[in-house]
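Single-structure report; data block below.
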Amino acid sequence: MTDTIVFWFRQDLRVADLPGLHAAAATGCRLVACYILDETAPGEWAPGAASRWWLHHSLAALAHDIEKLGGRLVLRRGETRSELTALLEESGARALYCSRQYEPWAANLETSLHNTLAPRGIAFKRFPGCLLFEPEAIATQGGGPFRVFTPFWRKCCRETSPAPPKDSPHKITWFDGPLTSENLEGWQLRPTSPDWASHWHDWWSPGSDGALRRLRQFFDGAIANYDEGRNHPALDATTRLSPHLHFGEISPRQVWHAARAFAHSKPDHAGQVDKFLSELGWREFSYHLLHHFPEIPDKPFREQFNKFPWVGSPQALRAWQRGETGYPLIDAGMRELWHTGYMHNRIRMVVASFLTKHLLIHWRAGAKWFWDTLVDADLANNSGGWQWVAGSGADASPYFRIFNPVTQGEKFDQDGIYIRRWVPELARLPDRYLGRPWEAPEDVLEAAGIELGATYPRPIVEHREAREAALEAYASIKG
DNA sequence: TGAAATGTTGGGGCG
DNA sequence: ACGCCCCAACATTTC
């Protein structure tokens, strides 16, 4: 009788280019594919409502993809260790395979699983999955982790290329004994009463098929002008692959090789491709940092930021969250986030700068809000991004880089399409005043149907004053 | 993957 | 014709 292996799907919800699954299939053993919904394991970093919506659809897509390979996805809910132990026992499996994860809670879980399973003679094997390079493979000359992006990415690019992506395994022998599986619908990962995500399929197609479509679409179009186009939030000029990558519906190796193939076929676009690949590089950098410095989600990477005088009020935080700061570009971004589970990357930088610098609110409050509202909420990227903006991170933006929320709009949303899309009550304002309605003459406001303080808020802080206060606050922790 | 303050230059209006 | 001033345009420095 052939041995059985349990393949545990975690955050790599795909069947193509999944090293652990290929390795399991190659053994010729019978395979159990499972997913465990453990709502307590991540602690305070349990998926937010938007991520849960995505997870539901991603799991449905994965189950479908597995069925196409002749198998089925076993769903269980509960404490990971006991659920896996039970499943191993029920199936008589002698081995557990999975992809690695790098979140501190997930890495600890792997250790604890190893300690549980080893004495029982069950092999626990972890495989690469969601990264281009394992953190152990990229080190400085001194053997330590990189703390600066450029040398990190240079080192990555000097290494042998990531392995070419593989198709899904051709032949899998599935376990055919009886195993109970829960009903995905019963997990209630999707919102009900009200179903605020009823229109999200207009924007998103969770699952590997949707991810590959998105990838192809990008290399058929926007890549040619990526360097410039990606700065304009009203354009569909970015990949929007972030949620697909977070849930592992597509691997970064697939993206990397698609980009290299494109660069090879269109050499004159090599510069655009490099720009794009460096974004993948920042993702990689964030993951490696989180692996080496597991406190990044909670504590400033740069120690002197422990004494930063955060003073922001709960009311200001609330106004920021709701998109009622009185700065149209900020409010547009926050409302895009609320309505679609996503925000354009440049606008993420601008609203994050506004929260931490204009409002002097701790970056963790912003990270938490993003965590709950983003479909692509990802611990490494989110924590890294917020610390980068706040100036407390590794290779962070210098603290004095304070975005002007008005001029950013004038530079990257010249014709006001983005602001008008998400702040429709200002739509009739002429371009000239769209990003700064408080400067508009009374008759212009009236003609546009706007009453400041009633139909649209006045600015909750004055830019110049806020900027100077931020510089003063940062100066107080220098040295 | 800034913005603002400060410095420099050069054209043109003007007495 | 000439110097003076203003200021836009650009460059450099500072936060």
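The values are calculated or read from the model by the stated rules, or taken from the named source; none is laboratory data. Values in this document were obtained by computation on a predicted structure and should not be read as measured data. Virtual Cβ from ideal backbone geometry, glycine too; neighbours counted across all protein chains shown.
In the set A:Arg81, A:Arg76, only one residue is closer than 27 Å to A:Ala380 by Cβ and free of Cβ contacts under 8 Å to residues at least 40 places away in the same chain; that residue is A:Arg81. The criterion of at least 2 residues that are polar (S, T, N, Q) is met by the following helices (runs of 4 or more DSSP H) wholly inside the range A:293-389: A:314-322, A:345-353. So which residues in the range A:378-415 are within 8 Å of DNA strand B (Cβ to nearest atom), without any contact (Cβ under 8 Å) to a residue 60 or more places away in the chain and in contact with a Ser or Thr (Cβ under 9 Å, 6 or more places away or on another chain), if there are any at all? Residues satisfying the conditions are A:Trp388, A:Ser397, A:Arg401, A:Phe403.
Let's see how each residue does on (1) in contact with a Cys (Cβ under 7 Å, 6 or more places away or on another chain); (2) surrounded by 15 or more Cβ atoms within 10 Å (Cβ to Cβ); (3) of a type outside the set (Ser, Thr, Tyr); (4) not in a loop (DSSP other than H, G, I, E, B):
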site: A:Leu84; (1), (2), (3), (4): no, yes, yes, yes
site: A:Lys155; (1), (2), (3), (4): no, yes, yes, yes
site: A:Pro165; (1), (2), (3), (4): no, yes, yes, no
site: A:Ser168; (1), (2), (3), (4): no, yes, no, no
site: A:Gly186; (1), (2), (3), (4): no, no, yes, yes
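A Cβ distance below 7 Å, combined with a sequence gap of six or more or placement on separate chains, defines the contacts here; from the range A:6-28, residues that are in contact (Cβ under 8 Å) with a residue 12 or more places away in the chain reach residues that are among the charged types (D, E, K, R) and buried (at least 21 other Cβ atoms within 10 Å of the Cβ) in the pairs A:Leu13/A:Glu249; A:Arg14/A:Glu249; A:Asp17/A:Arg253; A:Leu18/A:Asp12. The set of residues from the range A:56-76 being touching a Ser or Thr at 6+ places or on another chain (Cβ under 7 Å) and among the hydrophobic types (A, V, I, L, M, F, W, C) comprises A:Ala61, A:Leu69, A:Val74, A:Leu75.
Test A:Ser112 against the stated conditions and say whether it is small (Gly, Ala, Ser), free of Cβ contacts under 8 Å to residues at least 24 places away in the same chain and farther than 25 Å from A:Ser205 by Cα. No, not satisfied. For the range A:195-214, check the following and say yes or no: at least one residue is buried (at least 19 other Cβ atoms within 10 Å of the Cβ), among the aliphatic types (A, V, I, L, M) and within 16 Å of DNA strand B (Cβ to nearest atom). No.
Scanning the range A:23-55 for residues that are over 25 Å from A:Ser205 (Cα atoms), surrounded by fewer than 19 Cβ atoms within 10 Å (Cβ to Cβ) and out of contact with any Ser or Thr (no Cβ under 6 Å at 6 or more places or on another chain) yields A:Ala23, A:Ala26, A:Thr27, A:Gly28, A:Thr40, A:Pro42, A:Gly43, A:Glu44. Mind checking whether some residue in the range A:370-384 is under 19 Å from A:Leu289 (Cα atoms), of a type in the set (Ser, Thr, Tyr) and surrounded by fewer than 21 Cβ atoms within 10 Å (Cβ to Cβ)? There is no residue in the range A:370-384 that is under 19 Å from A:Leu289 (Cα atoms), of a type in the set (Ser, Thr, Tyr) and surrounded by fewer than 21 Cβ atoms within 10 Å (Cβ to Cβ). Checking A:Trp338, A:Trp320 one by one, the residue that is away from DNA strand C (no atom under 16 Å from the Cβ), modelled with pLDDT of 95 or more and either crowded, with 22+ Cβ neighbours inside 10 Å or β-branched (Val, Ile, Thr) (or both) is A:Trp320 and no other. Helices (runs of 4 or more DSSP H) fully within the range A:205-292 that include at least 1 residues being more than 23 Å from A:Glu103 (Cα to Cα) and more than 16 Å from DNA strand C (Cβ to nearest atom): A:208-220, A:226-229, A:252-265, A:270-292.
Residue count for the range A:95-138 satisfying the condition of being of a type outside the set (Val, Ile, Thr), over 25 Å from the mean Cα position of the chain (by Cα) and in a helix (DSSP H, G or I): 8. Within the range A:448-461, residues that are outside any loop (DSSP other than H, G, I, E, B) have Cβ atoms under 8 Å from residues that are small (Gly, Ala, Ser) in these pairs: A:Tyr456/A:Gly326, counting only partners at least 6 apart in sequence or on another chain.
Taking the criterion of being surrounded by fewer than 22 Cβ atoms within 10 Å (Cβ to Cβ), away from DNA strand C (no atom under 16 Å from the Cβ) and either assigned to a loop (DSSP other than H, G, I, E, B) or not assigned by TED's automatic domain parsing to the domain that holds A:Leu471 (or both), the residues of the range A:395-422 that qualify are A:Asp395, A:Gln414, A:Asp415. Counting only residues that are more than 16 Å from DNA strand C (Cβ to nearest atom) and buried (at least 18 other Cβ atoms within 10 Å of the Cβ), the range A:436-479 holds 11 of them.
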